[in-house]
Each structure stands twice: as structure tokens, then as C-alpha cells.
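What follows is a single structure, written as C-alpha cells, with notes after it.
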Amino acid sequence: MDFAAVIFIQVLFAIASLALISLGLAIIFGMMRVINFAHGEFLMMGGFTTLLLSNAGMNLWVAMFVAAPLLVGLFGVVVERLIIRRLYGRIFETVLATWGLSLLMIGVASVTVGYYQSTMQAPLGSVAIGNYRESGYTFFVIAVAILVLGGVYFGLRFTRFGLLARGTMQNPAMAAALGVNTGRVYAVTFFVGSALSGLAGAVLTPLVSVSPVIGFSYIARAFITVIGGGAVALSGTISASALFGSISQFVAFATTPVVGEVALLIAAIILIRILPEGITGRFFRRGL
Amino acid sequence: MSALKRHPSLVVMFALALIFVFIVPQVTELYIINDMTVFAVMATLALSLALVWGFGGILSLGQSVFFGIGGYVYAITVLNTGESTIPILLGVVVPMAFAAVLGYFMFYGRISDIYLAVITLTVSLIFYHLIVSTSGGQWRIGKSPIGGYNGIPGLPPINVPGDPSARLGFEGKYYLSIIVLFLTYFGIRWLLATRFGRVAVSIRENEARTELIGYDARAYKLALYAIGAGVAGLAGVLYANWGGFISPVVFNIFFTAQIIVWVMVGGLGTLVGPMLAAVAIQYLVTQLGAAATSEIKAGLTIFGMRLDLKDFLDSNIILGVIFIVFKQFIPKGIVPFIRDWFSERRTHGRRQAESGSPAE
């Protein structure tokens, strides 16, 4: 019974971390049909911001929830203005330019910060479940994921910007004709997506050892989740994280985490054969 | 002379092939021959993506996966059998089969271009993680360890079919690689001139229209993708043969990014461009790698952080800058850029002649 509870929490954690690392990418993809290939490096930037600032004496929670999202979000706005906007609508060019950005960021990070192998102790102690102990931080990550998903839902559903964003997503030309400044909607979307990526990188910092190439350990899972979810950002992320998170976690229990990742990939490839536009290409199409 | 007029590029390439096979090895030092062998292998790899992306319109970001599978399959089987003929064949066939399976799901699912780019890149990322995780003695196939991050060293060179004692030396490897490169080039030229090749190009130009004429675009794309994978696998075999060594670095993201850069810089829709770009960039990276370890003192200090110029010769930074600059300023690549420039001058000159300026 205790063992079942631990497994349940682990699966929930896998789903939550998958949702966290993918949401920023999914929001940008859903709005602009742009896949940001530098997404992993946005997460890396959030991680380094948290690590370096908290080592420099800043309060960990301030670094995690304020500094990292703000910095990465602003960086995202600059990227949108300088690279994405100039290539808008040209898919190959956008893919290649953001991928170039990814390599550039890895290079710059490794010559400036270097292979800074400082890991931090996960705060919040541990919780006893029968004979097992589970880190308190696991519950914290699950809680953050729920709050972030809830926050995005609230923002899209109930705010004025959410209304404009949904309109622009459905029909940009019509939205523009009705007086929506779609350029600004895209910029703000990119800010929000990047900030969420920064937040995800920051929240996961205590669990990983941050390095310039940490992006690679996130990016495969984030790509698969976004592709599996499809273009409707929020329901896509939730449904795909739930599906892939459970699959990879169960396989990882039975074998190793790497095989879990392979299972994730195979599941995604089969999924896109059946649902080429992802889960939300057929289900939850009118969702958020 | 009429052949030169009708197919100037074929004649020039044939002459180059003769020069590289018969003259260059006679007048060049052995260590340069050794470098040229790997350049030829990389140029072959560049051709595989030039075919798939440049002529098929399939943006495969994971072309290095097929190269790596080719190399690994060759390495594992050659260590187990000790004879290289069947391993070479497997090094071509296995990547093709893998591409056919992966391609079936991608092309028959009719996923969008951006999904295809993402999936192919993800496949290469996960292959890298998978191979790196196989360090330790329990991971072996027959007599061959997989070796995790350290890869598989000590591969015997390719031998004459049926005679394991007649192995290729440095020069033999060079001849083999350069001949394969030129045969691949002429083979692709031939393929593109066939009915199959023309349909593939027309799918790149307009998929819907080609399907309306009655061709099944999915099958053509799948076949082209598998052929490209076979070429990449063959290049992988020759790569493992060149160094006697294969490691997961070939599945690494920078390696796959390099292939994209070769095709992008050389010019999409050309074959010579990517070949030349592969050689030039490979050479540049080697030279910069040497420069980065040398004594360059330039640099600056910002916020107490010392930034040395030579650190910025980092190959990631260089690749990243090439990517972004080319996408913004020379999106078509160098060979088409030069071709456009020449044809513009020619039409410009003709226009001037037609307007009949009396000054001339």
C-alpha cells in the first residue's frame, strides 16, 4: 500500500515536471506555430540564474520565482524582436535560426559561466510515507505545476489579454482587422512562454546539476510533449504530460530512466501516426 | 566538346574525380591524405542531407543518426566476424531499414514539416542518451562492448572481400573514401535525372499538385528518405573505418547541427555546395580548434569576469553564429548566391546590349 502510494507520487511528479518543462514551449507553439529550438537553453538560463543568484546571497525563493522568470522572459522578448519576428511564417528558417541560437547560448554559457558543477541541496526536507521517505521537494514541484497550469488557465479564460490572445490564436487576420495589436500579443506571448520556461528551469534547479548542456536533458521530453499535445497549449500540455509521464515513469520503474525516455519517443511516434496533429488535433479542440 | 557544352558540371566533376584518384595521392604527404580521407567521408554525409533536404524538401535534423547507426553496426559486426564485407552491407541496410520504419510513421501520418524537424532531432537526442548509458561490461553484443561514452575502439580496417588478411592502409582508405564520394555524387545526379528523382523534386515544389497528378507523395518521400539514410550509413561505415573508432559523439547535437550547416551554407538544392562547405567548415573547425589552444592574448574584462577571445573560438559559438547570420543574410547559401549573381550580371549585360548604347 505504501509502495503504491510512492509509485503514485512518482508518476504524479513525472507528469508535473513534464508539464512544467513543456508549457512555455507549448504556449509559444500554440500562439505562433513557432517551435523554439532554444527552449532547452531558456531552461538552462533559468537554472543558472537561480543557482548563481542564490549562491551570491539572494533568497532562494526570490531568485526562483522572480529573478529567473523575469530575466528569461525579457531575453525571450529580445529574441522575438530580433530573430523570430523577422522570419515569421517561414518555418524552416525559424527552426534553423532558433537552433543556431541554442548552440550560441550553449557556447556563450560555457565560456562565461563554464562547467559550473555546483549542485544545491533540495530544500523542504522529506516526508515519511509508511516505510518509505519521499523528498518534500517532490510535492513542491507538483504543487508548482498545478499552480502554474491554473494560473495560465485563469489568465487565458478571465483576463482581457487572454481574450485578445485567444482571438489572435484563432484568426490573426480577423483579430488585426478588429483592432488588436497582434504584434504586441505575440511579444507578450513570447514573454510569458519564456518566463514560464525560466521558472521551470529554476524550480528544477535543486534536483539537477546545472551545466551549459543541461538543456539536452530536458529538450527531448519537452519536444515530445508539445508534439503529442498539439497546438492547443493548455489542454495539450496537460493531456500529453499525463499520457507520456505515466508511460515513461512506469517503464523507468521496470528498467532504467533512459529506456523510459526511449519508450516515450516510441509512444510519441506511434501517437503522431494516429493523430498527426497531436491529441488536441482531435480531442479538446475547443479547449484552451 | 559537345558533352562539355551539354553537361558542363558532370564533365568538370569527372575530371576532378580523376585528379583526386590518380594525381593527388602521388603529390601529397601521407598525413594530408589522412585528413582528406575524413573530409571525403564528411562530404559524402553532406550529400545525403543535400539529397533529402535540398531535393526532397524533407528537413531531417537527425541525419547523423543514420551515420551513427551505420558506424555502430559496422563496428559491432566487424568485431564479431573479423571480416568486413557483410558488416559494410549491414552498415548501409540497417540505417535504411530504420529510416523506413521511422519514415513510415512520419510520412504516412502526414505530419507537418515542423513536427518532422522536431521528431528527427529528438530521435538523435535520445540515441545519444541511450548509447551513453551503455558503459560497463554488461553492455555487449557478442564479442563487442558498446562502451558508453568511450565508444568502440580498435576496429580493424576494411579488407578485400573474402580475404581478411588483405587490409586497407592509409592510402587504401583514401582511395575507397574518395571513390565512394564521387560515385555517390554521380549516383545522386543519375537518381535525380530518373523519373523517380523528378517526381521527388516535384513533391518538394508542390506536394498537393503532384498528388493530384496521381503520384503517392508519401511513398516517394519515404523512399528518398531511406536512400538518404543508406548514403549516410555508408559514410558512417567509412568514418569508423577511417579512425578505427566510433563513439556516441556522432549522435551528439553538434554533429547533426554541422551537417545542417554544410547544406545550408553550401546551398539548398545543389550537390557541389554542401560537399565544398563540408570540406571547408571541417577544415575551419580543425584550424580553430588548434588556434583555441594556442597563445592568443586578446580579450577583455567585464564586471570582474575575464573573457578571453580565444575562448570564443568555441565551435558551438561559431556554428551558432554561422546559422543565424546565414539565415538572415544569405538564406539560399553560397553556391545559389553566386549563381544568381552571375546570371543577374549576364541578363543585365544583355539588357544593356539590347538597349543599344552607342558608346559601345
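The values are calculated or read from the model by the stated rules, or taken from the named source; none is laboratory data. Source: prediction; values computed, not measured. As a convention, Cβ positions derive from the backbone with ideal geometry for all residues, glycine included, and neighbour counts pool all protein chains shown. What goes into the accessible areas is simple: the full protein's heavy atoms, side chains included, and nothing from ligands, DNA or RNA. Shrake-Rupley method; radii C 1.70, N 1.55, O 1.52, S 1.80 Å.
Brief remarks on what is shown
- Enumeration of residues in segment B:124-146 that are touching a residue at least 40 places away in the same chain (Cβ under 8 Å) and more than 7 Å from every other protein chain (Cβ to nearest Cβ): B:Ser124, B:Phe127, B:Tyr128, B:Ile131, B:Val132, B:Ile141, B:Gly142, B:Lys143, B:Ser144, B:Ile146
- A:Thr237 vs. criteria closer than 20 Å to B:Leu121 by Cβ, in a helix (DSSP H, G or I) and either open to solvent by 70 Å² or more (accessible area, probe 1.4 Å) or of a type in the set (Val, Ile, Thr) (or both): yes
- Residue in segment B:306-324 that is at pLDDT 60 or above, more than 11 Å from every other protein chain (Cβ to nearest Cβ), outside any helix (DSSP H, G or I) and in contact with a Ser or Thr (Cβ under 8 Å, 6 or more places away or on another chain) present: no
- Between B:Ile146, B:Ile152, B:Ile131, B:Ile141, the distinction of being modelled with pLDDT under 90 and open to solvent by less than 10 Å² (accessible area, probe 1.4 Å) belongs to B:Ile152 only.
- Residues in segment A:130-153 include none that are in a helix (DSSP H, G or I), of a type in the set (D, E, K, R) and on the phi < 0 side of the Ramachandran plot.
- Options A:Ala68, A:Ala26, A:Ala63: the member that is over 21 Å from A:Leu207 (Cα atoms), open to solvent by less than 10 Å² (accessible area, probe 1.4 Å) and not basic (Lys, Arg): A:Ala26
- Residue-level check: of (1) assigned to a helix (DSSP H, G or I); (2) at pLDDT 75 or above, B:Lys332 misses just (1).
- The set of residues from segment A:153-200 being out of contact with any Leu (no Cβ under 6 Å at 6 or more places or on another chain), touching a residue at least 40 places away in the same chain (Cβ under 8 Å) and small (Gly, Ala, Ser) comprises A:Ala165, A:Gly183, A:Ala187, A:Gly193, A:Ser194, A:Ala195, A:Gly198.
- Checking each residue in segment A:177-193 for being more than 29 Å from A:Gly46 (Cβ to Cβ) and open to solvent by less than 50 Å² (accessible area, probe 1.4 Å) picks out only A:Val180.
Rundown of residues vs (1) surrounded by 19 or more Cβ atoms within 10 Å (Cβ to Cβ); (2) of a type in the set (Phe, Trp, Tyr), yes/no style:
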residue	(1), (2)
B:Leu16	no, no
B:Glu29	no, no
B:Asp35	no, no
B:Val38	yes, no
B:Ala46	yes, no
B:Ile58	yes, no
B:Phe66	yes, yes
B:Asn80	no, no
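- Given (1) within 18 Å of the chain's Cα centre (by Cα); (2) closer than 26 Å to B:Ala117 by Cα, number of the condition A:Pro172 does not satisfy: (1)
- When restricted to residues that are surrounded by fewer than 22 Cβ atoms within 10 Å (Cβ to Cβ) and within 10 Å of another protein chain (Cβ to nearest Cβ), segment B:95-106 contains 3.
- Restricting segment A:92-106 to residues that are in contact (Cβ under 8 Å) with a residue 12 or more places away in the chain and within 7 Å of chain B (Cβ to nearest Cβ) leaves a set whose member that is surrounded by the fewest Cβ atoms within 10 Å (Cβ to Cβ) is A:Leu101.
- Looking only at segment A:188-217, and only at residues there that are among the hydroxyl-bearing types (Ser, Thr, Tyr) and more than 10 Å from chain B (Cβ to nearest Cβ), the one that is nearest to the chain's Cα centre (by Cα): A:Ser197
- Of all residues in segment A:73-91, those that are within 12 Å of chain B (Cβ to nearest Cβ) and among the β-branched types (Val, Ile, Thr) total 4.
- The residue of segment B:107-117 that is surrounded by the fewest Cβ atoms within 10 Å (Cβ to Cβ), among those that are closer than 15 Å to A:Arg273 by Cβ and either more than 7 Å from every other protein chain (Cβ to nearest Cβ) or within 23 Å of the chain's Cα centre (by Cα) (or both), is B:Ser112.
- Complete set of residues in segment B:245-264 that are open to solvent by 10 Å² or more (accessible area, probe 1.4 Å) and touching a Pro at 6+ places or on another chain (Cβ under 8 Å): B:Phe245
- Number of the exception - A:Ser209 against (1) of a type in the set (Ser, Thr, Tyr); (2) open to solvent by less than 10 Å² (accessible area, probe 1.4 Å); (3) in a loop (DSSP other than H, G, I, E, B): (2)
- Residues in segment B:242-293 that are within 22 Å of B:Pro331 (Cβ to Cβ), assigned to a helix (DSSP H, G or I) and of a type in the set (S, T, N, Q): B:Thr256, B:Gln258.
- Odd one out for A:Leu124, checked against (1) part of a helix (DSSP H, G or I); (2) open to solvent by 40 Å² or more (accessible area, probe 1.4 Å); (3) of a type in the set (A, V, I, L, M): (1)
- Test: residue in segment A:251-273 that is open to solvent by 20 Å² or more (accessible area, probe 1.4 Å), of a type in the set (Lys, Arg) and free of Cβ contacts under 8 Å to residues at least 12 places away in the same chain: yes
- Among the helices (runs of 4 or more DSSP H) confined to segment B:1-67, the ones with at least 2 residues that are polar (S, T, N, Q) are located at B:30-49.
- Considered as a group, the residues in segment B:82-94 that are open to solvent by 10 Å² or more (accessible area, probe 1.4 Å) and part of a helix (DSSP H, G or I) include one that is farthest from the other protein chains (Cβ to nearest Cβ), and that residue is B:Thr85.
Yes/no matrix, rows are residues, columns are (1) of a type in the set (Ser, Thr, Tyr); (2) touching a helix residue (DSSP H, G or I) at 6+ places or on another chain (Cβ under 6 Å); (3) in a helix (DSSP H, G or I):
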site	(1), (2), (3)
B:Gln138	no, no, no
B:Ser165	yes, no, no
B:Phe182	no, yes, yes
B:Tyr185	yes, no, yes
B:Arg198	no, no, yes
B:Arg209	no, no, yes
B:Leu212	no, no, yes
B:Tyr225	yes, yes, yes
B:Ala229	no, yes, yes
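- Residue that is most open to solvent (accessible area, probe 1.4 Å), among those in segment B:168-207 that are among the small types (Gly, Ala, Ser) and at pLDDT below 90: B:Gly169
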